[in-house]
Amino acid sequence: MAATTPTSPQDAFSRAWKTYTERLTASELSQIKAPTTLSDLLTHAQKITESFDSSTKVRSLSQRLGTAAQKLQPFERILEGVVKLSPQAGQLIWGSVSFILEMARNNGDVVEETMDFFVAMADEVEYVKILETTFRDAPLVNTVVESLYVAVLEFWVKAVKYYRPKASQRARALPIHNIVDRTISSLEGIISAVKQFVSSGYMLQEFRKLKTKIDTQKERLHHVASAQHYTYSSGHHQQSQQEAETARRLRLVAWINPPSYEADLHATEKLHYAGTCEWIRDKHQYSALVTTENNLLLVVYGIPGAGKTILSSWLINQAVTRAVENKDIVLFHFFKASDDSKNTPLAAMRSLFYQLYEHMRRTHHTLLDVLESELDSLLHNPHISFTRLWAVLSSFILKLQDPSSPLLPTTTTVTIILDAMDECKGPKSLVRELQKIHQNYIGCDQDHCDIAQ
């Protein structure tokens with residue numbers, strides 16, 4: 001079978017523009033060309049979200065757009081430096097997103113879905129920022145950027161074709177905010193469950209294809225950067241170190257393969273009403289949990305539908321606020337019975353381990369090298385077990401709390417919040433291990449609290 005020739009940026013651009021000129025009106029074409037930069041798109045998107053009622057879910061998405069735009073800025077700069085097109089390469093991407101949002105001004109579901117795809121895309125392409133300082137002008141690296149541009153542009157052209165006839169309708173939209181995150185591992189576990197919202201799940205399938213293409217370019221980038229290291233070894237020692245660290249991080253993340261914990265938190269936060277969940281502040285057991293230096297395990301129980309998951313999201317946000325002030329760490333996981341990527345003790349370990357690693361990397365923690373060394377020792381084993389991950393995680397948490405450690409200027413408190421333990425398959429192993437590292441556990445609902453040894 002003959003190998004297929006990769007699509008060039010010029011061909012992808014010409015094909016996209018031909019599609020638009022054949023399908024769109026003159027007025028619509030002008031809307032496609034209107035935003036010339038990522039900043040223009042962000043301004044337009046924020047204006048559209050402001051037109052919706054403040055109580056809608058769409059409005060809350062605008063808070064995430066700024067973060068997404070920051071992640072996409074290196075992508076935009078690299079595109080304009082590598083892909084030489086007129087108008088600028090990124091313009092057709094930003095214009096496609098802007099066009100969908102403009103067409104869907106009266107359809108909050110389509111706006112929400114489009115922006116969730118946009119935020120998810122930003123998470124996926126964030127890795128290209130290493131090219132700004134590492135082998136940016138290397139010809140082989142340019143091919144990675146070009147392939148990435150083609151994949152992203154083709155996705156948004158398909159999105160325009162799909163959403164245009166639906167934008168003015170009040171259709172039931174796919175709740176993509178519960179699905180799409182910086183990893184797409186959860187998509188495999190729940191794609192069958194979301195098909196009731198759309199007849200074919202077309203755009204969800206297309207985003208999965210985009211994710212696969214992006215992952216391919218990540219792997220290519222790793223090999224290309226390694227090759228360029230030998231070509232330009234003189235004077236590129238610092239850049240090669242950065243490339244090696246990025247490659248190692250990508251391997252670790254792929255091995256851990258965490259579920260979409262942040263998407264679960266975002267979805268739950270939208271259901272919280274101001275003033276609720278405050279009752280737990282009056283429980284002295286909760287006060288003990290947040291003030292004691294001893295290890296405590298708080299168990300909150302209640303009937304189905306009582307609001308335990310909403311309370312979990314509230315507790316997570318409270319814990320994060322304290323952690324920022326005290327330079328501590330908060331890890332969490334939402335069990336979901338219907339999602340095999342989230343309903344086991346191993347799934348929880350994937351969430352917690354990844355969050356711990358990202359926190360250590362982001363804060364340049366003094367024990368980061370220790371954690372990475374332990375993770376590197378596990379990479380040779382393609383199979384991850386709960387027991388092995390828990391052993392590494394729990395021992396590392398104890399290291400963070402060791403006041404005698406010469407590597408720590410101060411000890412670190414680690415708060416772990418697990419929601420819906422009743423939806424976990426085989427929870428005994430997890431419960432057993434949690435009890436081992438806690439001196440006491442507290443059981444609590446809105447009316448009663450008790451403590452046991």
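The values are calculated or read from the model by the stated rules, or taken from the named source; none is laboratory data. This one's a predicted model, so the numbers in the text were calculated from it and none came from an experiment. Positions of Cβ are generated from backbone atoms using ideal geometry, with glycine treated the same way; all protein chains shown enter the neighbour counts. Side chains are part of the model used for accessible areas, which takes the heavy atoms of the whole protein and leaves out ligands, DNA and RNA. Shrake-Rupley method; radii C 1.70, N 1.55, O 1.52, S 1.80 Å.
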**Study point:** Matching residues, segment 345-365, being among the hydroxyl-bearing types (S, T, Y) and touching a strand residue (DSSP E or B) at 6+ places or on another chain (Cβ under 7 Å)
**Key:** S351
Review point. Which residues, counting only those in segment 303-337, are on the phi > 0 side of the Ramachandran plot and either among the hydroxyl-bearing types (S, T, Y) or in contact (Cβ under 8 Å) with a residue 24 or more places away in the chain (or both)?
Key: G307, K327
Revision key, fill the gap. Those residues of segment 250-285 which are aromatic (F, W, Y) and assigned to a helix (DSSP H, G or I) amount to W255, Y261, W279
Exercise for review: Those residues that are more than 32 Å from the chain's Cα centre (by Cα), part of a loop (DSSP other than H, G, I, E, B) and of a type in the set (A, V, I, L, M, F, W, C), I need them from segment 8-46; list them, please.
Suggested key: L24
Check your understanding: Does segment 132-144 contain at least one residue that is outside any loop (DSSP other than H, G, I, E, B), among the basic types (K, R) and modelled with pLDDT under 80?
Key -> no
Exercise for review: Determine, yes or no, whether V324 is surrounded by fewer than 18 Cβ atoms within 10 Å (Cβ to Cβ) and under 23 Å from the mean Cα position of the chain (by Cα).
Suggested key: yes
**Study point:** Some residue of segment 286-306 being of a type outside the set (F, W, Y), within 19 Å of Y357 (Cα to Cα), out of contact with any helix residue (DSSP H, G or I) (no Cβ under 7 Å at 6 or more places or on another chain) and assigned to a loop (DSSP other than H, G, I, E, B)
**Key:** no
Exercise for review: Out of the residues in segment 400-453 that are acidic (D, E), closer than 23 Å to R322 by Cα and in a loop (DSSP other than H, G, I, E, B), state the one that is modelled with the highest pLDDT.
Suggested key: D402
Review point. So which residues in segment 200-214 are more than 18 Å from K161 (Cβ to Cβ) and open to solvent by less than 10 Å² (accessible area, probe 1.4 Å)?
Key: I214
Check your understanding: Only one of (1) of a type in the set (A, V, I, L, M); (2) touching a helix residue (DSSP H, G or I) at 6+ places or on another chain (Cβ under 6 Å); (3) at pLDDT 70 or above; (4) over 25 Å from K18 (Cβ atoms) fails for A120. Which number is that?
Key -> (2)
